[in-house]
Amino acid sequence: MKKTTKFLTMALTAVLAVCTLTACGGDSAKGNVITFGTNPEFPPFEYVTSNGVLGEFDGIDMAIAQRIGADNGMEVKMESMEFDSLLVALQNGQIDAVIAGMTATDERKETVDFSTPYYTATQVMIVKEDSDIATAADMADKKICVIQGYTGEVCVQDMGYTYEAFKKGTEAVMELVNGKCDVVVLDSATAQKYVGDNEGLKIVEDASAFESEEYAIAVQKGNTELLDKINASIEKMLADGTINDLAVKYTEEATAE
Ligand code: ARG
């Protein structure tokens with residue numbers, strides 16, 4: 001009898017130890033919580049506001065993250081960090097997923113796995129209204145601004161042009177407004193937002209120079225358990241028009257200000 005009790009205690013301790021390590025009973029590695037990382041400097045996808053859909057965070061991506069949590073009975077936590085740090089934090093396990101208007105590029109696919117894409121974008125050029133820039137080639141002898149680590153930076157780099165990189169979109173746009181640079185290369189919907197917010201700017205598109213890009217959610221390589229949940233939710237939201245409605249809603253809000 002005594003022996004049995006001792007054995008049971010030991011067995012129970014062992015089970016408990018394993019449970020602590022793997023968070024038994026939970027849906028994810030950290031129990032019933034999904035921790036996303038974002039960089040909330042990218043309206044209309046993510047920005048900080050007084051009363052957002054996820055605490056201080058609002059935007060298309062934040063509304064999508066909220067629904068992914070609801071669909072899977074998981075609590076959603078959002079961590080704010082620099083865009084450059086997101087994939088490192090994901091690989092470190094500091095966050096479970098990245099939702100940040102992030103383009104699923106081949107280079108990034110080498111280190112993380114991406115969900116089903118949920119939005120198609122392209123790079124555009126923001127210029128002053130009286131600018132003579134009409135195509136990407138016209139940037140050759142101009143002062144170009146990009147945002148550090150964004151696909152726009154990679155595009156300009158690949159074109160072989162010199163440029164200055166800023167930490168935030170707003171900083172690059174201020175540089176343009178103040179006449180210190182001639183063009184900002186940035187994702188279309190975000191560029192639209194900045195043009196709406198600042199007088200005297202316009203957007204120039206060049207579909208032959210900038211390929212279309214697809215935004216997707218990133219998870220750690222091989223985390224199929226979480227990826228399957230995210231994909232099921234995204235596919236549902238694409239099929240029933242939720243994502244489309246969110247895009248319309250937040251784009252209108254962004255330009256109405
Ligand atoms: N789509 C671009 C990229 O993947 C820019 C994304 C910026 N997102 C952000 N939340 N700051 O590089």
Links exceeding 24 Å between C-alpha atoms in this model, out of Lys77/Lys193; Lys167/Lys221; Lys143/Lys249; Lys167/Lys249; Lys142/Lys168; Lys128/Lys167, come to Lys77/Lys193; Lys167/Lys221; Lys143/Lys249; Lys167/Lys249
With each pseudo-label sitting 7 Å past Cα toward Cβ, what's the Ala140-Glu252 distance in nm, one decimal? 4.4
Pick from Ser208, Ser85, Ser188: which is most flexible by mean-square fluctuation in a GNM of the chain where alpha carbon atoms under 10 Å apart are linked? Ser208
Tell me, what is a quarter of the convex hull surface for the C-alpha atoms of the chain, in nm² with one decimal? 16.4
Convert 25 °C to kelvin, take the viscosity as 0.890 mPa s, use the Kirkwood radius over C-alpha pairs of region 132-178 as Rh, and evaluate the Stokes-Einstein diffusion coefficient in µm²/s, rounded to a whole number. 223
Order of Asp187, Asp84 from fewest to most other C-beta atoms within 10 Å? Asp84, Asp187
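Just so you know, all these numbers are worked out from the coordinates, no wet-lab data involved. Because the structure is predicted, anything quoted here is derived from the model rather than measured. As a convention, Cβ positions derive from the backbone with ideal geometry for all residues, glycine included, and neighbour counts pool all protein chains shown.
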